[in-house]
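No lab work stands behind these numbers, since they all come straight from the coordinates. As the structure is a prediction and not an experimental result, all values here were calculated from the model. Cβ: placed from backbone, ideal geometry, glycine included. Neighbour counts: every protein chain shown.
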Amino acid sequence: MQRLHTAMTATAVAAALTAGGLISIASANAETEFSYGGYIKLDAMVTRTDSGSLPSGSIGRDFYIPGLTPIGGESNTYTDFHARETRFFFRANQTLANGETISGYVEFDFLGTAGGDKRVTNSYSPRVRHAYIQYKNWLAGQFWSNFQDTAIIPESVDFIGSPDGIVFNRQPQIRYSNNGFSVSVEQPETTVTPNLGGTARVTTGDTAMPDLTARYQQQVDNIHYSIAGIFRRLEYRQNGVDATEAGWGVNLTTKINFGPHDLRAGVVHGEGIGRYVGVNSVNDAVVNQALNLDALGYTGFSLAYRHVWSAEYRTNLIFTRGKFEDKRELTGLNANDHTQRIAANLMYQANERMVVGFEYSRATRELLSGADGNLDRVQVSVQYSF
């Protein structure tokens, strides 16, 4: 009998999922509501690099990664098409017998995963973006870092849009939120530059203490603002190094609405926060001559203006920059000095479900030696949300 009930329930769920994005299953003790959604997106881009090439299969060919702008070598131009940003989510909301609610959420896409190539099938495996549980004021699972403010991520054809100068991180955590204030303990990890290692990276896996964050955000009339802080312990216990160093950061962000238009801005500064900012274009720390760790400093800026011309057309102007502390005596001259991206796009709302985007961007990366490289990209996307 139990087997028959399970089979009938599975059949009902499958039929409901086929028919639409929302179903409910009632039981004697609780009612569960399931929903799903996501979008399908095609990206087509032509990229020109003036100082070296991004190899086929590089993640920098799928979307902009500040630390991957080539420096040193001949110029090159290449075209890439992919649908890897396509994503899907599944949510379950349950009302418990005592009237309380609990929910779970899972989301995945296909960016940055191993497997697949451009030769024949273009098949890529999925990756987990989010997977978390919410109950009362608590969140447990993988989600955006509490140190980040997603409100300032610009509308962009590129996957991130302004990675150079913002906090961008998803990871497992336990978070408590109440009236705009939130605190969290999050997964620790330390990235280290070897002594005189330039842009080389060691991911240590040695950190014992979780990363600690606190944030306060509020909406006052047309102004959203957020103030966030982080404290970390950086650890490296390999290759003759046995060292611990403190890391800290402050993230100030705002989004201001002007009718249908908006301005999004942020500044983030700290030491030892490299893996949280610029898609880890700077490491958290560097090994000094005494085989101890020195935290690496970072300051990031981002600014984006969104103008809505009509129900069909809107534009976005984006500027973002990440500036890294000059510790050339420890990192050598081949470490990054700064990265920057300027972009402009036109978004065409073809209907309530489909958006076509056109974007031009120029990205620059410069080393402490003064060597630099530029990456120019023209990108077109078609996105259908369901």
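Numbers below:
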read-out	value
Relative packing of 225-233, 209-217, which averages over residues the other C-beta atoms within 10 Å, highest first	225-233, 209-217
Loop trypsin sites (Lys or Arg not before Pro), segment 120-171 (other Cβ atoms within 10 Å of the site Cβ: 14 or fewer; DSSP)	Lys136
Dipole axis of segment 21-385 (+1 Lys, Arg; -1 Asp, Glu on Cβ), positive-most option in Pro154, Ser103, Ala228	Ser103
Distant-in-sequence amide H partners of His261 (H built 1.01 Å from N, under 5 Å)	Val308
Alpha carbon centroid spacing (whole Å) that separates segment 111-184 from segment 28-101	10
Rg [Å, one decimal], Dmax [Å, integer] - segment 190-283, C-alpha atoms	17.2, 58
Degrees, to the nearest 10: 2-19 long Cα axis against longest axis of the chain	70
For segment 129-218, convex hull of alpha carbons as volume per residue, Å³	136
Computed over the chain: relative contact order in percent, which uses C-alpha pairs under 8 Å that are six or more apart	16
Cα centre as origin, Lys/Arg/Asp/Glu Cβ charges: segment 21-385 dipole, Debye	420
GluC sites (Glu not before Pro) within segment 66-151, DSSP loop, no more than 11 other Cβ atoms inside 10 Å	Glu74, Glu100
For Asp376, Asp43, order by how many other beta-carbon atoms lie within 10 Å, fewest first	Asp376, Asp43
Contour excess over end-to-end distance, with Cα ends at Val120 and Phe90 and 0.36 nm allotted per residue	7.8 nm
Fraction of alpha-carbon pairs over 18 Å apart in segment 318-368 - percent	53
Point-to-point label distance, Arg353-Tyr176, nm (Cα→Cβ direction, 7 Å offset)	4.4
Computed P(r) (all Cα pairs; the chain; 10 Å bins; percent)	5, 19, 29, 27, 14, 5, 1, 0
Residue-by-residue Karplus 3J(HN,Hα) for segment 321-333, coefficients 6.51, -1.76, 1.60, Hz, glycine and proline x	8, x, 10, 10, 4, 7, 10, 4, 5, 9, 8, x, 7
Loop-resident sites, segment 338-377, for trypsin sites (Lys or Arg not before Pro), counting at most 12 other Cβ within 10 Å (DSSP)	Arg353
Cα convex hull volume per residue for segment 224-378 (Å³)	133
Calculated from backbone phi, Karplus (6.51, -1.76, 1.60) coupling profile of segment 174-187 in Hz, x at Gly/Pro	10, 10, 10, 10, 7, 6, x, 9, 9, 10, 8, 10, 10, 4
Sorted by Cβ density within 10 Å, fewest first, the residues Phe81, Phe108, Phe89	Phe81, Phe89, Phe108
